[in-house]
Amino acid sequence: MNITELREYLCTQYPDLCPLFSIEFGDGVLTVPSDRLGEAMCSLKDLGFDFLGMLTAVDYGDEFELVYRLRAREMHLGLFLKTRVPREAPHIRSVTALWPSANWHEREVFDLFGIVFDGHPDLRRILLPDDWVGHPLRKDYEDPNIIRRPDYL
Amino acid sequence: MSVPSDIDREAMVVPADCLEAAESLREVGAQDGRLTPEGDEDHLVVNIGPSHPSTHGVCRIVVELDGEIVVRAEPVIGHLHRGIEKMAENRTYMQVMPLTDRLDYVGSMYANWAYCRAVERLTGIRVPERAEYIRVIVCELQRIASHMMSIGSTGADTGAFTAFMYAFVQREKVVDLFEAVCGARLTYNYVRPGGVAADLPEGWEEKCRAFIEQHPTAMVELDRLLFGNVIARARLKDIGVLDPATAVAWGATGPVARGSGVDWDLRRDDAYSVYPRFDFDVPLGERGDCYDRARVRLWECVQSCRIIGQALDQLAECEPGVIKADGLPRLLAPRPGDAYDHIESARGSLGVYLVSDGSVRPYRMKVRSPAFANLALLPMLARGHTLSDLVVVLGSLDPVFGEVDR
């Protein structure tokens, strides 16, 4: 199955997800509102996406974008699932119940971005010390040791 | 026994400030919630690491013991966290290259390649065929070098230190080949966006052929030496059993998943680069214990030799010297967007996610590290085994902490 066939299949099975699907750089991207994340995850799992490779976040100023990389091993297909949460209230439903592999990845995103995953069984910092202040991968994180490299242009 | 009278007994008493320091350390320990037993009060909590010969790097494991049986094993990671993803946001796309070397320092070529593939996907650079073949050859050699480290340390963990030395003889040969190619023995920085740094030196193909002819014999020898050893078998079999469903659910990839019989190899199933042109098998385990995981690695090395042999044959038909894409700019500034690409590294699916805002620096780089996902299985696999088996289970997951902590 290739990515256009996946789009058709997705549209016949879940017509409401169809307008949210796009193809970028040869990869399927499903962009959902944050309150529909769990529902979309379940639909994709039914479609045959049986592996959560990673999840991460990107800081876009007013919003954080959460990026989930799913994989259908039988179909040899990868897919992005993206959703956005506001910077003021960075809360999102944890997907650990559906994907146990999300456990450590969600802890990492919590550690480095400060996004809270509601329903996570053990949400603690993972890479940084427990008493660390701030979330380094946010664009507004300040540390005297971070020195901007000069522009070479 | 008589005590000489000229000893200053006062000096032998522990000074009061030392006792105070010890007491305050104990208080700090009590504040760390990990160190209090969760189960029975009689359980003993032991802290292993972060610097310990059997943790395969800087990993701290908090182990709760009932007698000698592990009740809880919690890996505390991050001791090697250097913020590589943050550092990448402050560098141009080419300047990120040396950082990727320092992710998985036992298999630098893989991180080089995964990053380059993500950059090439983002910029649309097309890599010449010869460079693709060279990448496959060096990365399969890297798989051998990395697996030799893993199998060797499995031997060291189970008390078969001879196997460690035999494995390292083979690793040394690969590292010599790498040194001839790029001058470095650990951090290669050889695979570059758009191709590779330099063409293969003269006479290198012959040396490589000599190695891949000799290596499978050495693997049969190592198989008999390590896995034929009664003690090593007893230490490895039925230890840390991982069933295939759990492996997939917890995101395990590479030899850890294949040791449990999960038939998934990106080289074959994703068919990236020139891999569809090669004929090779994917070794699988049956029970998913430490024995299967280690043996899968061993037979993967033999398959890597098969791939290298075919790649060298096909490389001879490519035009020599064409190792970089044409018209490669000095500063890459991809169009805004994001790209993800992954390869099958020695530890599993290694992916790099790049976000570009159109400038010369990546807006965000994320490394999907297979060792990170595999290590998350440790608490499950170690439970119910003895403390000495915990070391074997950790070794069978083959974590490299440069990649786990990033």
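Among the residues making up region B:46-57, those that are buried (at least 18 other Cβ atoms within 10 Å of the Cβ) and not in a helix (DSSP H, G or I) are B:Ile48, B:Gly49, B:His56, B:Gly57.
This table checks each residue for (1) polar (S, T, N, Q); (2) under 19 Å from A:Leu47 (Cα atoms); (3) within 10 Å of chain B (Cβ to nearest Cβ).
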| position | (1), (2), (3) |
| --- | --- |
| A:Glu63 | no, no, no |
| A:Tyr68 | no, yes, no |
| A:Arg73 | no, yes, yes |
| A:Lys82 | no, yes, yes |
| A:His91 | no, no, no |
| A:Trp99 | no, yes, yes |
| A:His105 | no, no, yes |
| A:Phe113 | no, no, no |
| A:Asp118 | no, no, no |
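For every residue, the table says whether it meets (1) of a type in the set (S, T, N, Q); (2) in the same structural domain as B:Tyr272 (by TED's automatic domain parsing); (3) at pLDDT 90 or above.
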position	(1), (2), (3)
B:Arg126	no, yes, no
B:Val138	no, yes, yes
B:Gln142	yes, yes, yes
B:Gly155	no, yes, no
B:Phe161	no, yes, no
B:Ala167	no, yes, yes
B:Glu172	no, yes, yes
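Each residue in region B:37-94 was checked for being of a type in the set (Val, Ile, Thr) and facing chain A (nearest Cβ under 10 Å), and 3 of them qualify.
Of the residues making up region A:1-42, those that are under 15 Å from the mean Cα position of the chain (by Cα) and aliphatic (A, V, I, L, M) are A:Val29, A:Leu30, A:Val32, A:Leu37, A:Ala40, A:Met41.
Of all residues in region A:82-100, those satisfying the criterion of being in contact (Cβ under 8 Å) with a residue 24 or more places away in the chain and open to solvent by less than 50 Å² (accessible area, probe 1.4 Å) are A:Lys82, A:Thr83, A:Val85, A:Arg87, A:Pro90, A:Ile92, A:Ser94, A:Val95, A:Thr96, A:Leu98, A:Trp99. Scanning region A:1-41 for residues that are among the charged types (D, E, K, R) and within 14 Å of chain B (Cβ to nearest Cβ) returns A:Glu24, A:Asp27.
When B:Thr253 is evaluated against the numbered criteria (1) surrounded by 20 or more Cβ atoms within 10 Å (Cβ to Cβ); (2) polar (S, T, N, Q); (3) over 21 Å from the mean Cα position of the chain (by Cα), which criterion, by number, is the only one it fails? All conditions pass for B:Thr253, except number (3). Hey, does region B:276-290 have a residue that's within 13 Å of chain A (Cβ to nearest Cβ) and touching a strand residue (DSSP E or B) at 6+ places or on another chain (Cβ under 9 Å)? No, region B:276-290 contains no residue that is within 13 Å of chain A (Cβ to nearest Cβ) and touching a strand residue (DSSP E or B) at 6+ places or on another chain (Cβ under 9 Å). Tell me the residue from B:Glu202, B:Glu179 that is under 22 Å from the mean Cα position of the chain (by Cα), more than 17 Å from B:His147 (Cβ to Cβ) and open to solvent by 30 Å² or more (accessible area, probe 1.4 Å), please. Testing whether each residue is under 22 Å from the mean Cα position of the chain (by Cα), more than 17 Å from B:His147 (Cβ to Cβ) and open to solvent by 30 Å² or more (accessible area, probe 1.4 Å) leaves just B:Glu179. With respect to the numbered conditions (1) surrounded by 22 or more Cβ atoms within 10 Å (Cβ to Cβ); (2) of a type outside the set (Gly, Ala, Ser); (3) under 22 Å from B:Gln310 (Cβ atoms), which one is the sole condition not fulfilled by B:Asp157? Every listed condition holds for B:Asp157 apart from (3). For region A:47-69, name all the residues that are open to solvent by 10 Å² or more (accessible area, probe 1.4 Å), farther than 16 Å from A:Asp140 by Cβ and touching a residue at least 24 places away in the same chain (Cβ under 8 Å). Within region A:47-69, A:Leu47, A:Gly48, A:Asp50 meet the criteria.
The values are calculated or read from the model by the stated rules, or taken from the named source; none is laboratory data. Everything numeric in this text was worked out from a predicted model, so none of it was measured. Methodologically, a virtual Cβ is constructed for each residue, glycine included, from the backbone with ideal geometry; neighbour enumeration extends over all protein chains shown. Accessible surface areas use protein heavy atoms only, side chains included; no ligands, DNA or RNA. Shrake-Rupley method; radii C 1.70, N 1.55, O 1.52, S 1.80 Å.
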